[in-house]
There are 2 protein chains.
Amino acid sequence: MNAPIFQRSHSIRDLAREFGITTRTIRFYEEAGMLNPARDGTTRVYSDQDRVKLKLILRGKRLGFSLSESRELIDMYEPSSNNLKQIKALHDKIEQRREALQRQLNDIRIMEKELDEAEERCIAAIQELKRA
Amino acid sequence: MNAPIFQRSHSIRDLAREFGITTRTIRFYEEAGMLNPARDGTTRVYSDQDRVKLKLILRGKRLGFSLSESRELIDMYEPSSNNLKQIKALHDKIEQRREALQRQLNDIRIMEKELDEAEERCIAAIQELKRA
DNA sequence: CTGCAGATTGACGTTCACGTAAACGTAATG
DNA sequence: CATTACGTTTACGTGAACGTCAATCTGCAG
């Protein structure tokens with residue numbers, strides 16, 4: 001009767017603990033229409049899919065995306081639409097996101113280089129102080 | 001009497017135009033203590049160094065850093081301190097930033113992969129609709 | 001049954017990152 | 001000289017992303 005390795009459902013508290021956020025935050029994402037957990041009575045019950053969505057939102061956040069941008073990302077996982085025009089619009093958004101990521105990647109590379117230089121100056125300053 | 005290629009000073013409007021932000025934003029960054037432009041009378045005069053700082057702030061923004069985090073990044077460029085302890089603390093922060101960037105880099109890689117998959121599903125859906 | 005931990009729904013508060021507007025100075029231009 | 005363009009400070013407004021608190025409702029251990 002151990003806990004199953006692959007849980008199919010999670011409580012709001014479990015998810016909050018797992019991702020290091022508060023339950024308020026999770027409920028807020030639901031208010032924003034990004035999560036639709038099932039209910040056991042009034043209590044929210046989160047599926048593995050809900051967990052994945054939450055993960056996507058948080059990763060988006062780490063990358064500096066707004067919640068509505070993250071929602072776009074989530075929507076890309078459900079080509080539920082059967083409207084060609086909508087799907088093409090989605091495809092465009094995917095390309096836009098990809099380009100945004102490329103820009104970020106570039107920023108990161110530049111910033112890493114600059115951190116390297118900053119570190120060198122730092123180390124040099126330490127050496128200088130040691131000799132003085 | 002042409003404009004010099006390397007300007008030593010810039011007006012607030014020039015910078016705003018160059019970076020696609022408003023003058024209000026630039027003044028706000030000054031309020032936050034991240035820029036200290038010289039003054040010609042009351043008018044702000046920005047040096048090339050100020051311009052670089054602004055660039056750093058905006059790059060930080062694109063990477064999802066808060067303004068105070070960006071300020072930390074800026075501080076790394078001026079090992080003005082001659083206090084060994086402070087320099088070492090700075091060095092630590094540089095390492096922390098580097099690790100944060102690594103996490104971001106990882107997030108980006110994952111997200112790119114997921115965008116690839118989303119695109120595939122998208123294309124598949126389009127094909128499907130074409131045959132129907 | 002009692003009590004208490006943990007869930008829920010409002011509703012209001014807060015911080016960040018600016019926007020917006022008012023009131024004013026200054027310099028060039030027609 | 002009047003207008004236009006740009007600059008300044010001061011102050012209040014705003015949207016996003018939650019925090020906090022109160023009131024209420026479960027479920028269950030003792």
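Which of the residues spanning the range A:67-91 are of a type in the set (Ser, Thr, Tyr) and either modelled with pLDDT of 75 or more or assigned to a helix (DSSP H, G or I) (or both)?
From the range A:67-91, those of a type in the set (Ser, Thr, Tyr) are A:68, A:70, A:77, A:80-81; that's our starting set.
Those that are of a type in the set (Ser, Thr, Tyr) and either modelled with pLDDT of 75 or more or assigned to a helix (DSSP H, G or I) (or both): A:Ser68, A:Ser70, A:Tyr77.
Which residue pairs have Cβ atoms closer than 6 Å, lie 6 or more positions apart in sequence or on different chains, and pair a first residue in the range B:65-79 that is in contact (Cβ under 8 Å) with a residue 24 or more places away in the chain with a second residue that is in a loop (DSSP other than H, G, I, E, B)?
B:Leu67/B:Ala32; B:Arg71/B:Met34
Tell me, which residue of the range B:83-104 that is more than 7 Å from chain A (Cβ to nearest Cβ) and of a type in the set (S, T, N, Q) is least open to solvent (accessible area, probe 1.4 Å)?
B:Asn83
Answer yes or no as to whether B:Ser70 is more than 14 Å from DNA strand D (Cβ to nearest atom) and under 15 Å from the mean Cα position of the chain (by Cα).
Working: more than 14 Å from DNA strand D (Cβ to nearest atom): yes; under 15 Å from the mean Cα position of the chain (by Cα): yes.
Considered against the rule, which asks whether it is more than 14 Å from DNA strand D (Cβ to nearest atom) and under 15 Å from the mean Cα position of the chain (by Cα), B:Ser70 comes out as yes.
Starting from residues that are open to solvent by 40 Å² or more (accessible area, probe 1.4 Å) and at the interface with chain A (Cβ under 7 Å from one of its Cβ atoms), keep the ones in the range B:119-132 and report whichever is farthest from A:Glu95 (Cα to Cα).
Start the filter on the range B:119-132 by keeping residues that are open to solvent by 40 Å² or more (accessible area, probe 1.4 Å), which leaves B:120-121, B:123-124, B:127-132.
So of that shortlist, the ones also at the interface with chain A (Cβ under 7 Å from one of its Cβ atoms) come out as B:121, B:129.
Values: B:Arg121: 14, B:Leu129: 21 Å.
Going through the qualifying residues, I end up with B:Leu129.
Name the pairs whose Cβ atoms lie under 9 Å apart, with the first residue in the range B:39-53 and open to solvent by 70 Å² or more (accessible area, probe 1.4 Å), the second within 16 Å of DNA strand C (Cβ to nearest atom) and not in a helix (DSSP H, G or I), and 6 or more positions between them or separate chains?
B:Arg39/B:Val45; B:Asp40/B:Ser9; B:Thr43/B:Ser11
Which residues, taken from the range B:41-56, are more than 15 Å from DNA strand D (Cβ to nearest atom) and either out of contact with any Lys or Arg (no Cβ under 8 Å at 6 or more places or on another chain) or assigned to a strand (DSSP E or B) (or both)? Reasoning before the result, please.
Going through the range B:41-56, the residues more than 15 Å from DNA strand D (Cβ to nearest atom) turn out to be B:48-49, B:52-53, B:55-56.
B:Gln49, B:Val52, B:Lys53, B:Lys55, B:Leu56, listed by residue number.
Please state which one of A:Asp116, A:Asp107 is touching a Lys or Arg at 6+ places or on another chain (Cβ under 6 Å), outside the structural domain of A:Tyr29 (by TED's automatic domain parsing), open to solvent by less than 90 Å² (accessible area, probe 1.4 Å) and among the acidic types (Asp, Glu). Give the steps one after another, and end with the answer.
Working: A:Asp116 fails: touching a Lys or Arg at 6+ places or on another chain (Cβ under 6 Å).
The unique qualifying residue is A:Asp107.
Please tell me if B:Leu56 is more than 12 Å from DNA strand C (Cβ to nearest atom) and either modelled with pLDDT under 95 or within 14 Å of chain A (Cβ to nearest Cβ) (or both). Spell out how you get there, then give the answer.
Working: more than 12 Å from DNA strand C (Cβ to nearest atom): yes; either modelled with pLDDT under 95 or within 14 Å of chain A (Cβ to nearest Cβ) (or both): yes.
So B:Leu56 passes the test.
May I ask you to say which residue of B:Ile108, B:Ile74 is farther than 29 Å from A:Lys88 by Cα and either touching a strand residue (DSSP E or B) at 6+ places or on another chain (Cβ under 9 Å) or aliphatic (A, V, I, L, M) (or both)?
On the way: B:Ile108 fails: farther than 29 Å from A:Lys88 by Cα.
Answer to the check: B:Ile74.
The values are calculated or read from the model by the stated rules, or taken from the named source; none is laboratory data. Computed from a predicted model, the values in this text were never measured in an experiment. Note that we place each Cβ from the backbone using ideal geometry, even for glycine, and neighbour counts take in every protein chain shown. Side chains are part of the model used for accessible areas, which takes the heavy atoms of the whole protein and leaves out ligands, DNA and RNA. Shrake-Rupley method; radii C 1.70, N 1.55, O 1.52, S 1.80 Å.
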